[in-house]
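First comes the structure, then the notes that go with it.
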Amino acid sequence: VLKFNISEIFYSLQGEATFSGLPTVFIRLVGCPLRCSYCDSEYAFYGNNILSFEQILTTINNYPSKRVCITGGEPLAHNSCLKLIDELIKLNFEVSIETSGALDIQNINPKCHIVMDIKTPSSNEVDKNLLANLNYLKPNDEVKFVIGTIDDFNFSWDFISKYQLKNVLFSPVADVFSPTKLADLILKNSLNVRLQLQLHKILWGNKSGV
Ligand code: SF4
């Protein structure tokens, strides 16, 4: 029987990336091997709430959306995460995953939309970026840089130039880096990236379950 350690399952508007603004069911798995300085989901680091796939399915079927986002923590910290994605895709859910970029993405079901971080210097986890993952991104997958300092901005700019990245998101650390300043920097330097504001935080603040 497939079992998963689940921090929370909730229904909200997607706050990130291409699907921003769309009603989505979130499945948050427990645990993360990283400790980013700006982490806003530390409550998901620990927990012991083991659910079967059937129990998860019963919960998500209560919500009126076939769009499911697998998040964490770092969902790929569990091998079972790949199975969870496979099973949901078999049932015709439209599945996306938010991952840190520190763990191998190559075995993620190709029908799953990937939003992968590249950690910036101010996260204090920049050495965890698994560069081999860049080889496994599909054309529509997205790469996210969380910007907390000018140094992060310059690092991200260099990185996307060096690796010719497409579908790039720049997201300012809430209450640390001004979104307006980031917008101005993107325009001034003619970067072809998408400014991402965390919609769920604008709407509901920094709470779990939204
Ligand atoms: S990878 Fe994500 S969940 Fe893990 S510490 Fe960093 S921000 Fe938090």
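The values are calculated or read from the model by the stated rules, or taken from the named source; none is laboratory data. None of the values given here were measured: they were computed from a predicted structure. Note that we place each Cβ from the backbone using ideal geometry, even for glycine, and neighbour counts take in every protein chain shown.
Here are the numbers:
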{"item": "Top-ranked residue of the range 86-108 - restricted to ones that are under 24 Å from residue 128 (Cα atoms) and of a type in the set (A, V, I, L, M, F, W, C), ranked as nearest to the ligand (Cβ to nearest atom)", "result": "102"}
{"item": "Matching residues, the range 41-64, being farther than 18 Å from residue 83 by Cα and surrounded by 15 or more Cβ atoms within 10 Å (Cβ to Cβ)", "result": "41, 43, 44, 45, 47, 63"}
{"item": "Condition broken by residue 119, with the remaining ones in (1) modelled with pLDDT of 95 or more; (2) more than 10 Å from the ligand (Cβ to nearest atom) satisfied", "result": "(2)"}
{"item": "Among the candidates 187, 130, residue that is surrounded by fewer than 20 Cβ atoms within 10 Å (Cβ to Cβ) and over 20 Å from residue 36 (Cβ atoms)", "result": "187"}
{"item": "Flag if residue 181 is surrounded by fewer than 18 Cβ atoms within 10 Å (Cβ to Cβ), modelled with pLDDT under 95 and over 18 Å from residue 15 (Cα atoms)", "result": "no"}
{"item": "Residues located in the range 37-65, provided they are out of contact with any Leu (no Cβ under 9 Å at 6 or more places or on another chain) and within 20 Å of residue 114 (Cα to Cα)", "result": "39, 40, 41"}
{"item": "Hits in the range 85-108 - residues which are surrounded by fewer than 16 Cβ atoms within 10 Å (Cβ to Cβ) and under 30 Å from residue 37 (Cα atoms)", "result": "104, 106, 107"}
{"item": "Candidates 132, 102, filtered to the one that is within 23 Å of residue 43 (Cα to Cα) and modelled with pLDDT of 95 or more", "result": "102"}
{"item": "Positions within the range 136-154 being touching a strand residue (DSSP E or B) at 6+ places or on another chain (Cβ under 9 Å), among the hydrophobic types (A, V, I, L, M, F, W, C) and more than 16 Å from the ligand (Cβ to nearest atom), in sequence order", "result": "137, 153"}
